[in-house]
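All remarks here apply to the structure that follows.
Here, each number is a calculation from the coordinates, and none is a lab measurement. Here the structure is a predicted model, which means the values were calculated and not measured. Here the Cβ positions follow ideal geometry from the backbone for every residue, glycine too, while neighbour counts run over all protein chains shown.
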Amino acid sequence: MARYLLRRAAYFLFILVGVSIVIFTTMRLVPGDPIVYLAGPFATAKQRAAIRESYGLDKPVVVQYGRWLAKAAQGDLGRSMQLHVPVTELLFGKLRNTLLLVAGSMFIAILVGWSLGILSGFRPNGLIDRIGLVVALAGISLPAFWFGMLLIIAFAINLPWFPANGIVSERGDGGVFDVLWHLFLPAVATAALPCGVMLRMTRTAVLEIRRMTFVRALAAKGLPGRALAVHVIWNALPNILNVTGMQAGFLLTAAIFSEVVFSWPGLGLQIYAAVTSQDYTVAQGAVLFICILFLLFNVVVDVLRPIFDPRIRMA
Amino acid sequence: MPIILRDGRIIFGGCVVAVIGLLTLAAPLVSPYDPLQVFSGLRNAPLGTAGHLLGTDQAGRDILSRVLWGGRVSLVIGTVPVAVSLAIGTCLGLIAAYYGRWVEFLILRLMEILFAFPLILLAILAAAVLGKGMLNAMTAMTIVVIPYVIRAVHAAAKSTMGMTYVEAAIIRGAGPWRIMLSEILPNIVSSLVVFATSVMPIFIIFSAGLSYLGLAIEPPTPDWGIMIAEGQQVIQTAPHVPTVPGIVLLLVAISMNLIGDGVQDALNPSSRRRPVGADPQLSRPI
Amino acid sequence: MTNEIIYSIENLRVEVGVGGGTIPIVDGVSLYIRQSEALGLVGESGAGKSILAMAMIGMPPQPNGRIAGGRVSFHGLDMLNRREARAVVGKRIGFIFEDPAASLDPCYTIGAQIIETIVAHEDIHKAAARERALELLSLVGIADPPSAYTAYPHQFSGGMQQRAMFAIALSCRPEFLIGDNPTSALDVTIQAQILRLINDLRKRLGLTVFWITNNFGVVAKLCDRVAVMYAGTILEIGKVRDVLRNPVHPYTRRLLASSGIPSARSGPSLAARAGAVSANGEVGCRFATQCPTVMTTCSAAPIAMSDLGAGHLTRCLLVSKAS
Amino acid sequence: MANHHWNSVNRRALMAGAAASGSLLALSGIDNIARAQTATPKSGGTIVYAMEAEPDILDPHACGGWHTSRLVLQMYDQLVEHDLTASWQQGAPPKLVGSLAERWEISPDGLEYKFFLRKGVKFHDGTAFDADAVKYNFDRIFNEDAPQFYARAKAYRAADVYFLKSVEVVDPSMVKIILKEPFNSFLLRLANLGPGMVSMISPTALKKYGNEGIALHPTGTGPFRFVERVPGDRVVLEKNPDYWGGNPKMGPFLDRIVVKPVSDAAARVAGLRAGAFDMIIVPVPDSKQQLISEGFVWDQGTVHHNWYWAFNMRDPIFKDKRVRQAFNYAVDRQALCHDLLHDTAFPMEHGIVPPGMLSYDPDFKAYSYDPAKARRLLAEAGHPNGLSTTFVTSTDGSGQLIPVPIAERVQANLRTVGIDMKLQSSEWVSYFTKWISGGFKDVGAAQMSFGAPDPFWLEQTIGCTFFVGEVGGLNTGYYCNPAIDEVMKAARQAQPPKNGDPYAAWGLSKEAVALWAKANRMATEDAPLLLVLSDLNPFVYNKKVHGKVQTALEWFTFRTIWLG
C-alpha cells in the first residue's frame, strides 16, 4: 500500500505540474489583455504599463510561472485580479456550493440509477427493465441546460413549488431545509446524465455477474434467493463504484450547466467567469483545484474497489 | 452489415437523424424564411401562428427557419469534430502503440495531462483561446475529443499487437505503416465504430452546450444551443421559444444514442448494451 | 445390490430456445439411483450431461431453457418443485461443478462460502459452523485448513479449488453427491487423489454418487453402474463390468474404441442438431446418421429400451431384433 | 460602462429597458414619487436588490462599471454630488449639491476651486474626516510619489490628470484644488459617480488594508456601511446609524441592503415575482406588461446614456460624411425601441448629446428614419449599389442593453438600403479590451454605450485631443474635426458662472452650455457616430418599496428608500 501511495503521489505531482503549465500558458493565449481591462476606459498606455508592472505581468511568462508555482507550493494562490479576494478563499466558497450540488445530484442519481439498474439486472426484459431503459436513454440524451430550463418552467413558473435560482432564499433562515429546497431542481437537472449512465452500467454489471457459473454454483448450494442477490451485487459493486466515482468527478465541472441555468454560485461558473474575464490567478487556481479533486476522486475509487474485490486487493 | 439493419433501434434512430439531417441540409429550400429576418411587432409569437408554424423568437424571427438553419451548425459542430479527431487520434494511437518506447511514453503522458482536465474545462479553455466562429468551435471540440480516441485506439491496437498474424507480418518484413494500416487497423475498426457512434450523441449535446454558454459560434448565426440560451430570456412569457430547439436537439440525441446502442450490440455482442453515455473514458479524468 | 432407490428420473425432458423454436437438450431420460451406489454418466460434450445434472436439482439451463416434462424425485420429493428442491439441494444433495475456478465466488473467502452453505441449511452457531468448515477442509485433504479458511479462491491452485468445492458440497453431510465432470479440469495425479477421496467418503459415509465424466477410466475406478448418453438420450446403461466388457450399442462401442471421449467438435452442434431434429422429426435413433450399422428402420419410429438382463439396457434395434 | 461584467455567463442576460419618451409619464414613476412624498417614511427592514452583474472591486477610486458604482456610492460620499433626491422629471441632470464640502468657490479665472468641508463627519471606522483625508485620497489617485498612490485609480481619472495641478490643505476644513487650465466641467466630474469616483476613503483604513485590501473592507462616510461580500452570491450593507446627513425625513431608513448579482435578466424577473427580490434593475423588456399588471412598479426615465456605433474614420468608406449620414437615416430607431425594447429605450434622434446630459436639446431634430434619403446619400457618395462593411459589438456588458439583438435589428434596417453589414461580436472583456486599446482598425464601426451628465463627454468621445488611449479619451473612431474642436475647447474653458447664471447650479456658465449645444449640432450634422438609442435605466420593484427616486443619472441612492 505504501509503495502504491508513493507511486500515486509522484504521478499526481507530474500531472499537477503538467496541468499548471498548460493552464498557465493557455490563459495567456486567450485574446484580450486583462490589464487594459483592469485599467479601465480612460487609461493611457503609460498608466497601463505601470499597472501591468504592479501585477508582475511585464516579466517573461517563465518567470511568472516560477513565481506563481513557488507560491502555490506554499498554498498561496494569490489574489483575484478582478476581486482582490484571496483565490483560495474565493474558491473554497464556490467549491462548497458545487460539492453540495454534486452530492445532491449524485444522491438522486445513485438512488434511481442503482436501484433501477440492479432491479432490471435481475429481471431483464421485465417491466422495471423497460422503464429503466427509457429512463437511462432519457438521462443520457437530455441536455442538462435545457432540462433545467424545463424544470424551471414546470416547477418554478407554472407550479411555483421550487425556487428558480440561488442557493438560499434572501429572507429565509438559510437553514438546511431552505438549502435543500433550493437544491432540488438543480440537483435533478444535473442528475439526469449520471443517473442514465449509472443505470446502464449497473444493469450491465449485474447481468454479467449473474451469467457467471459461480452464481449457479451458489444456487446449487441451495442458498435462498436473497443470499444469491447479495453475492451478485457484492461482485458487481467494484464496477458500479467505478462508474459512480467517475460520474461524481465528471460532475464537478459538468455541473456548470445547471449552475448557469439556476444561477448556482459554483466552481464551474467561477472557472468560466475567470477564463472569459481573464482573471489569471483565479483561473489557474481553480483549474488546479479541480484537477486535484479529480485525482482525489480517482484515489477514492482506487481505494474503494479493492475492498470489494480481493483479486485487486491482493494483486 | 445486414445484422445492423435488423436492429429496430438503428433503423428508427437512423431514419430520424437522416430526416432531420436532410431537412437542415435542405434548409435553403425548405426553410420558410431567412432565419435572420425580423418580423417587426411579431415577437414571441406562439406555436401555430399563421405563417409561423413554430412561432417566432424573442427577436421576432421565425423559429422553424432558425431550427432548420441552426441544425446545420449544430449537427456539423457536433459530428465533424468527432470524425476529424477520430482520424488524427487513430494515427497517433497507432503510432504510440506500434513504436512504443519513448514515442508511446510521450504521447500517453501528454494525454494523461489532458485527461486531468475535465472535458468541459478543456473545452472552455480551448474555445476561449480560439475565439468564436464555427471553425474555431470545431477545432476546440476536436482537441477535446482526440485524447479519448488516442487512448481507445492505443488500447485496442496494443492488444492486437501481440496477435500472431501481426507478428507474422512483422516477420514477413512488412513496413510499419503497412502493418498499422492493413494488419492492426482492420482489427480495431469495429471498436472504433462503436466508439464513434457512442460518443456522437454526447458531443452533439456537448457542442450545443458550448454554444449555449456562448463559446461556440458567432451570432446572429442560429444554432440550437444559442437559440435555447436566447430563449431562456423569455421562459416566463414565451416558454416555447427555448423549448422547441431543445426538443429537436433531444430527438437527435436520443436517435443517435439508439444507433449507438444498436451498433454496439451488433459489433460486440459480448458487452450487451454497454452504457453509451457512460463510455467511462468520457468521464474518466486520468 | 438391493438398496432402495433414493433418486429417480422419469422421462425427463429439458428444452432450450434457439432462434425461433426450442430443441430438446435432454429428451426422455429415465434413470434411478440406489442408496450408496455410484452411477456414472458418460458421453461426448454437448450430449446434455451437464444440463441433465442441473435438471436433477431442478435448475433449468440458462438462459431461456426450461424443464419441459418428466418427473424427478429424491426420496419422494419433487425435485422440479422449487421449494421442495431447495429444501434438500445443498443439504442432502451435494453438487460439484466442472470448472472449480469459475464456480467459487471470487469475492468471498473459502471459509465464508462453506459456512454460508451450512448456515443456510442448518440451525447452527457460526463457531460450530467454522469448526466443521475446518474439518471439511482437512477431510478433502487441504494441507493447512486455518489459512485455507481465510484464503480467497484466486489464491488457490485448480486442485485446491476443486477440493474446496468438495468441502462446500459435503458441508451439510449430503447423502447424495452429484459431480459434473469435476476432475476434467485437473491433472491426472490430482484426479487420482480426488477419486480416492470420493471412494473413501463412500466407504465412510455410504455416500451415493452420480458422476458425470467423459473418461471410462474414471468410471471404472469409481462407479458401480454406467449410463451412456448421446444427444440428450440414454443409449445404454448397465453395470460397469457388463457395459465395458460387452457394449451393445454401436455408439458405446465407438466411445470405447476411441478410448476416452471424442472431443466436442465431433459432437453435433446445437445448430446441427436443430437441423437434424427437423430432418427426422425427432423420431428414431439419434445416432442413426453416424451409425456404421444403420438400418432403414432406425429413423422410422421411436426406439424403446430393450433389456439384456441384469439391469443392462440399451436403445438399439439390433438388440431388440436379437431377443 | 466599463463594466467588469465578469460573472455574466449568459451573454444575453443583460437586457435594459426604458419607455419611449411618449409613454414615459404614463408609467408609474410619477405616482411612485407622489407616494414617496405623501406617505411618512418608516425605518427598518431589509431590501433585496438584484443587479445585473457581479460587482467589480468595491473601491470607489478604481471600480469599473456603473453597476458597481451604484453599489459602492451607498457607502461613500464625495465633496460634491448631484442631488440624488431629484427625479428625472425635475430637470436633467440634477443640480450639484454640497456633500462632504458644504460649499465651494471658483476663482474668476476658473483655475482655483476652494472647498469648505463639512465638520464633524466621521468615517465608518470612527476616524474623523478632514482636509488631510481629502488630500490623502487625491494623492492616492493622482500623486505617483505618494505611498498610497494606486495606479488603477489614476487610470480612471486620466482625463482629470490632464487638467489637475495640485491639491492643497489650507486648514482642517478647507482644501484648494488648482488646475493647469480652465476646465469648467471639473465640478461635474467630481460629482460623477461613474467608473472611478473621487470618493473619500478613510485614510486609516487605507493604511490598514492597503490599496488592494481596501476593496474588501470599504470604509467611507456614506449612509450605509459594508457588512460582507460573498463573490458571485451577495453583497450586504447595513445602515450607518451616525450618518452625518441622516434625518427622519430623508433617511437612511433601511436596516440592511442585500445586493444580489443575477446576470440572467429572466432570473431577476422570476426572483422579483417569486418575492425573493424587492427591486431589480434592467428587467426583461418583454416582461413589462405582465409585471405592471401584477402590480409591480416599473420605474424608468431618461438618463445621460448613449448607445452608438463610432465610425472608423480610418476606413476610407467612412471618410465621406454622406455615407455616415446615410447610415444614420437608415436606422428605424422608433420601431427598434418600440418593438424590440417595448418602449423601454429612447430613440436617439436629437443629436449626439443624450437626454440627461447638460446641453441636450430636444428641439433639435437630427436624424429620423428615412431610407430613401439614405439611399440617395449613398448614391451621391458613389455607392449606388450599396456597400458592405463589418461592425463590431460586444455580446453583453451592463449598460450595453441587448447588443446583439439590437445590432441584428440595425443590420436588418441597413440591408433595406443596400448596406450589407456583417456583425462581429465577442465576450465583453475581450471586446472592451480591444475597443479601449483602439484595436478595431479593420472594421467599419465599433459599438459602445456610455455617457455622463457633463457635456465634456462629447469632447472625450469625438475630440482630437482624446483619441482612445490618450489622456482618458474615448474617441475610438479617431474622428477629428478642428472646427468642432475649437468650439468644444472654448466650451470647456469658458468662464465660471456668475451669480444668477441659470446653470450656476452645475458649475457652468450659460455661455459654456450654449457652446456645447453648438458643438452638439455641428458634430451631429457631421455624423461621427451612428446614433441608435438611449437607455432609460429601468428599475422594477414591489409595492413595499417606497421613496426610490428615479434620477436622470445612471445611479441612485438607497438613502431615501424605505419599506412600507
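Once you reduce region D:455-523 and region B:197-259 to the center of their Cα atoms, the two points are 49 Å from each other.
The angle between the Cα long axis of helix A:45-54 and the longest principal axis of the Cα atoms of chain A comes to about 60 degrees, rounded to the nearest 10.
Relative contact order of chain C, taken over Cα pairs closer than 8 Å and 6 or more residues apart, is 20 percent. When only the Cβ of Lys, Arg, Asp and Glu is charged (+1, +1, -1, -1), the dipole of region A:88-267 relative to its Cα centre reaches about 960 debye. Among B:A83, B:L258, B:Q37, flag the residue with its Cα farthest along the positive direction of the charge dipole of region B:2-271, charges on Cβ as +1 for Lys/Arg and -1 for Asp/Glu. Value: B:A83. Principal axis extents of the Cα atoms in region C:36-162, from largest to smallest and rounded to whole angstrom, are 45, 35, 32.
Rounded to the nearest whole Hz, the Karplus-based 3J(HN,Hα) values (6.51 cos²θ - 1.76 cosθ + 1.60, θ = phi - 60°) of region D:132-141 follow the sequence 5, 4, 4, 4, 4, 5, 4, 5, 4, 7, with x at glycine and proline. 3J(HN,Hα) along region A:211-217: 6, 6, 4, 4, 5, 5, 4 Hz, from the Karplus curve 6.51 cos²θ - 1.76 cosθ + 1.60 with θ = phi - 60°, whole Hz, x for Gly and Pro.
The charge dipole of region D:345-447, taken about the Cα centre with unit charges on the Cβ atoms of Lys, Arg (+1) and Asp, Glu (-1), comes to about 260 debye, rounded to the nearest 20.
The Cα center of region B:52-91 and the Cα center of region A:246-315 differ in position by 29 Å.
According to the Kirkwood relation over distinct C-alpha pairs, the hydrodynamic radius of the protein assembly as shown is 37.3 Å.
Taking a ≥ b ≥ c as the square roots of the eigenvalues of the alpha-carbon gyration tensor, region D:445-542 is classed oblate because a/c is 1.5 or more while a/b is no larger than b/c. Between the Cα long axis of helix B:185-212 and the first principal axis of chain B there is an angle of about 30°, rounded to the nearest 10.
Counting neighbouring beta carbons within 10 Å and listing from fewest to most, the residues A:C291, C:C291 come out as C:C291, A:C291.
Using only alpha carbons, region D:338-415 has a radius of gyration to Kirkwood radius ratio (Rg to Rh) of 1.00.
Residues with amide H under 5 Å of C:L235's amide H, sequence separation 5 or more or different chain, H placed in the peptide plane at 1.01 Å from N; which? Hits under the 5 Å cutoff: C:V228, C:M229, C:Y230. The peptide list D:477-485, A:243-251, put in order of mean Cβ contacts within 10 Å with the highest first, becomes A:243-251, D:477-485. Centroid-to-centroid, using Cα positions, region D:72-102 and region B:32-51 are 46 Å apart. Around the amide H of C:Y32, modelled in the peptide plane, lie the amide H atoms of C:I9, all under 5 Å away and 5 or more residues distant in sequence or on another chain. Label-to-label distance for C:Q290 and A:V62 is 7.8 nm, based on points extended 7 Å past Cα in the beta-carbon direction. Counting only other chain Cβ atoms within 10 Å of each residue's Cβ, the peptide A:191-198 averages 3. The mean count of C-beta atoms from other chains within 10 Å of the C-beta of residues in A:252-262, rounded to a whole number, is 5.
Cross-link partners of C:K203 among lysines, defined as those whose alpha carbon lies under 22 angstrom from its own and excluding same-chain residues fewer than eight positions apart: C:K91, C:K221, C:K239. Restricting the calculation to Cα atoms, region B:125-257 yields a radius of gyration followed by a Dmax of 20.8, 72 Å. Would you work out which of A:I152, A:V197, A:L218 lies farthest towards the positive end of the dipole of region A:88-267? Charges go on Cβ: Lys and Arg +1, Asp and Glu -1. Sorting the options by dipole projection puts first A:L218.
For chain A, a Gaussian network of Cα nodes joined below 10 Å ranks A:R52, A:R216, A:R305 by mean-square fluctuation, and the top entry is A:R216. Tell me, what is the FRET efficiency for D:N247 and A:I292 to the nearest 0.05, using R0 = 56 angstrom and their Cβ-Cβ distance as r? The pair D:N247/A:I292 has a calculated efficiency of 0.55. What the phi angles of region A:191-204 give under the Karplus curve with 6.51, -1.76 and 1.60, with θ = phi - 60°, is a coupling list of 6, 3, 4, x, 4, x, 4, 5, 4, 5, 4, 4, 4, 4 Hz, glycine and proline written as x. Per residue of peptide B:107-120, the mean number of Cβ atoms on other chains within 10 Å of the residue Cβ is 6. One compactness figure for chain A is 1.22, namely its Cα radius of gyration divided by 2.2 N^0.38 Å. For D:A452, no residue 5 or more places off, or on another chain, has a built amide H under 5 Å of its own. Helix B:240-267 versus the longest principal axis of chain B: what angle, 0 to 90°, nearest 10, using Cα atoms? For helix B:240-267, the angle is close to 20 degrees.
Assuming charge only on the beta carbon of Lys and Arg (+1) and of Asp and Glu (-1), the dipole of the protein assembly as shown about its Cα centre is about 4080 debye to the nearest 20.
Checking the cross-link pairs D:K165/D:K319; D:K180/D:K239; D:K154/D:K321; A:K46/A:K71 against a 32 Å limit on the alpha carbon distance flags D:K165/D:K319; D:K180/D:K239; D:K154/D:K321 as lying beyond it. Could you tell me whether chain D comes out rounded, prolate or oblate from its Cα gyration tensor? Rule is a ≥ b ≥ c as square roots of the eigenvalues, rounded for a/c under 1.5, then prolate if a/b exceeds b/c, otherwise oblate. Oblate. Counting 0.36 nm for each residue step from A:W181 to A:R123 and taking away their Cα separation leaves a gain of 17.4 nm.
In chain C, the inverse of the mean reciprocal separation of distinct Cα atoms equals 20.5 Å; this is its Kirkwood hydrodynamic radius.
Got a sec? Charge dipole of the protein assembly as shown, +1 on Cβ for Lys and Arg, -1 for Asp and Glu; which of D:W506, C:H249, D:T551 is way out at the positive end? About the Cα centre, the residue reaching furthest to the positive side is C:H249. Note on C:E122 and A:A70: with the Förster distance fixed at 56 Å, the Cβ-Cβ geometry gives a FRET efficiency of about 0.25. A Förster radius of 60 Å combined with the Cβ-Cβ distance from C:A68 to B:W177 puts the calculated FRET efficiency at roughly 0.55.
Packing, as the average of other Cβ atoms within 10 Å across residues, places the peptides A:93-104, B:103-114 in the order A:93-104, B:103-114, highest first.
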